[in-house]
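See structure below.
The values are calculated or read from the model by the stated rules, or taken from the named source; none is laboratory data. Model, not experiment: these values are computed from the prediction. FYI the Cβ positions are ideal-geometry reconstructions off the backbone, even for glycines, and counts take in every protein chain you see.
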Amino acid sequence: MQPQARARTQESAQPAQVSLILLAMLTALFIALQSVGAWAKPESLAPLAEKISPSVVNITTSTMVEGRTGPQGIVPEGSPFEDFFREFRDRNRDGEGPRPRRSSALGSGFVISEDGFVVTNNHVIEGADEILIEFFSGQELKAELIGTDPKTDIALLKVEAPAPLAFVSFGDSNAARVGDWVIAMGNPLGQGFSVSAGIVSARNRALSGTYDDYIQTDAAINRGNSGGPLFNMDGEVIGVNTAILSPNGGSIGIGFSMASNVVTRVVDQLKEFGETRRGWLGVRIQDVTEDVADAMGLAKASGALITDVPDGPAKEAGLMTGDVIMSFDGVEVADTRALVRQVGNSPVGASVRVTVMREGKSQTMKVVLGRREDADAAASPDLEEALPDEDEAPTSKELLGLTLAPLNDEMREELELDPEMDGLAVTQVDEASEAFEKGLRAGDVITEAGQEKVASISDFEDRVAAAREAGRKSLLLLVRRAGDPRFVALGLDR
């Protein structure tokens, strides 16, 4: 063959080779996509469900409650049945009276050790006289209550079984990602063992508790699922199903499971001590907002602002009202919630370094933590609106939307304040002002302005003037209501 002919043949073969290469690449891509799809969503959850089901239990509780005296408030006055129900109630009153009755409740739980420790929710067993555990096999055993933690709604039970029990282990809830597949197991609406699947919808949710750290999931959770486990695809427990958000009482795809990293610490303490032992710093705190940060001259709105330091570890270490806690035990404090959780997770008696901002300067102090459960939870007295007597009203003045008057003995007595306390009483608040919008009301007491004590109207005016001269956009006030202090930053009118 001539060289020119061979060249034409090679040129005609090149498109065919390119087509084969493209076809091979598309085939490889198709196979890869199939593999990804299979990894993202397994063909069946049955093998995993079969593996972990023996460790999940149904819980039935029994409680004796006071009997009722009969139907009340259901028959309209003048009804022909009114006399009948009146006689029924009279017979109950004249005879032996209402008899106690037994009430039952259902929930879920899971076994965490072969020797019979079982985890569930506190609200499942709270007040129960008898706790009965039903296993997947149908076996039933009575359980002993080891300890509870109402703050995280966790309870630890113990059963005595004739043979080692199937159990599951806790996983790392911090490793769970939004979008990961999860399985919820339990006893929904008393229907017995049931499995539902979904994904992690969100993390680090807070509902109402101080130590909340919930995983949100769309796996179906209903009444009776409380206390049951939330599993990852490795069969590890990453949450305890606790609550749902629903307008009708049934699942709408918004369920909450207490994160396993919270639960494991609680369970370990309940197992060892029968109670929780959380660290206690001994301060009252609030978040640092943008306006508070501006009023204090802080670079950014972060940390935890101390509003009060009662007797306790913080006071002994020298922390003061108005300090902003920037780091605790070497960890930067983002907000009050983060600080509360970190302190609570710290060992009682631990010596930790606390860094605060005080008057624009950073200071580090060493604090020996106390025990949260031992701290006195003194109830705040009810606040009654206390205004000065019109006939003996002290000199007052309106500033920043507030009508202020120096405290006198009568006002201190009515507000149940310390007889030695100095400050300005709020006697009136302009409803169109920023002060009213931020919650200040008549009866509040301002003890500090610009992080300096105020005892007179002139003191307050001096603080306002000083803040303006310093170029501040707002003035930081320490406000007390029923003994409960908080900082409020009010904008300065120019």
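Confirm whether residue 474 is under 35 Å from the mean Cα position of the chain (by Cα), farther than 13 Å from residue 402 by Cα and hydroxyl-bearing (Ser, Thr, Tyr). It is true that residue 474 is under 35 Å from the mean Cα position of the chain (by Cα), farther than 13 Å from residue 402 by Cα and hydroxyl-bearing (Ser, Thr, Tyr).
Listed here are the residues, each with its yes/no results for (1) more than 12 Å from residue 399 (Cα to Cα); (2) among the charged types (D, E, K, R); (3) in a strand (DSSP E or B); (4) not assigned by TED's automatic domain parsing to the domain that holds residue 402.
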{"site": "425", "(1), (2), (3), (4)": "yes, no, yes, no"}
{"site": "432", "(1), (2), (3), (4)": "yes, no, no, no"}
{"site": "446", "(1), (2), (3), (4)": "yes, no, yes, no"}
{"site": "468", "(1), (2), (3), (4)": "yes, yes, no, no"}
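Residues of the range 239-253 include none that is touching a helix residue (DSSP H, G or I) at 6+ places or on another chain (Cβ under 9 Å), surrounded by fewer than 24 Cβ atoms within 10 Å (Cβ to Cβ) and at pLDDT 95 or above. Do we find a residue being surrounded by fewer than 14 Cβ atoms within 10 Å (Cβ to Cβ), in contact with a Leu (Cβ under 8 Å, 6 or more places away or on another chain) and closer than 20 Å to residue 297 by Cα anywhere in the range 479-493? Among the residues of the range 479-493, at least one is surrounded by fewer than 14 Cβ atoms within 10 Å (Cβ to Cβ), in contact with a Leu (Cβ under 8 Å, 6 or more places away or on another chain) and closer than 20 Å to residue 297 by Cα, which makes the answer yes.
All conditions but one from (1) under 16 Å from the mean Cα position of the chain (by Cα); (2) under 24 Å from residue 60 (Cα atoms); (3) of a type in the set (Asp, Glu) apply to residue 275; the one that does not is (1).
If you go through the range 258-274 and keep only what is buried (at least 22 other Cβ atoms within 10 Å of the Cβ) and of a type in the set (Phe, Trp, Tyr), you end up with nothing.
Which ranges mark the strands (runs of 3 or more DSSP E) fully within the range 256-350 that have 1 or more residues being small (Gly, Ala, Ser) and outside the structural domain of residue 450 (by TED's automatic domain parsing)? Can you show your working first?
Numbers: elements: 284-287, 304-308, 324-328.
So the answer is 304-308, 324-328.
Step by step: first the residues of the range 205-227, then only those that are polar (S, T, N, Q) and either in contact with a Ser or Thr (Cβ under 6 Å, 6 or more places away or on another chain) or modelled with pLDDT of 90 or more (or both), then the one that is surrounded by the fewest Cβ atoms within 10 Å (Cβ to Cβ). Which residue is that?
If we take residues in the range 205-227 being polar (S, T, N, Q) and either in contact with a Ser or Thr (Cβ under 6 Å, 6 or more places away or on another chain) or modelled with pLDDT of 90 or more (or both), then 216 is surrounded by the fewest Cβ atoms within 10 Å (Cβ to Cβ).
Please enumerate the residues belonging to the range 102-142 that are of a type in the set (S, T, N, Q), assigned to a strand (DSSP E or B) and touching an Asp or Glu at 6+ places or on another chain (Cβ under 6 Å). Residue satisfying the conditions is 121 alone.
So, in the range 151-202, exactly how many residues are part of a loop (DSSP other than H, G, I, E, B) and either under 18 Å from residue 234 (Cα atoms) or in contact with a helix residue (DSSP H, G or I) (Cβ under 6 Å, 6 or more places away or on another chain) (or both)? Break it down into steps so the answer makes sense when it comes.
Going through the range 151-202, the residues part of a loop (DSSP other than H, G, I, E, B) turn out to be 151-153, 160-169, 171-172, 176-180, 187, 191-193.
Pick out the ones that are also either under 18 Å from residue 234 (Cα atoms) or in contact with a helix residue (DSSP H, G or I) (Cβ under 6 Å, 6 or more places away or on another chain) (or both) and you get 152-153, 166-169, 171-172, 176-180.
Looking only at that region, the number is 13.
All conditions but one from (1) free of Cβ contacts under 8 Å to residues at least 12 places away in the same chain; (2) at negative phi apply to residue 138; the one that does not is (2).
Once the range 275-313 is narrowed to residues that are more than 30 Å from residue 145 (Cα to Cα) and among the charged types (D, E, K, R), the residue that is surrounded by the fewest Cβ atoms within 10 Å (Cβ to Cβ) is 300. Residues in the range 207-255 that are among the hydrophobic types (A, V, I, L, M, F, W, C), within 20 Å of residue 190 (Cα to Cα) and assigned to a strand (DSSP E or B): 230, 240, 243, 244.
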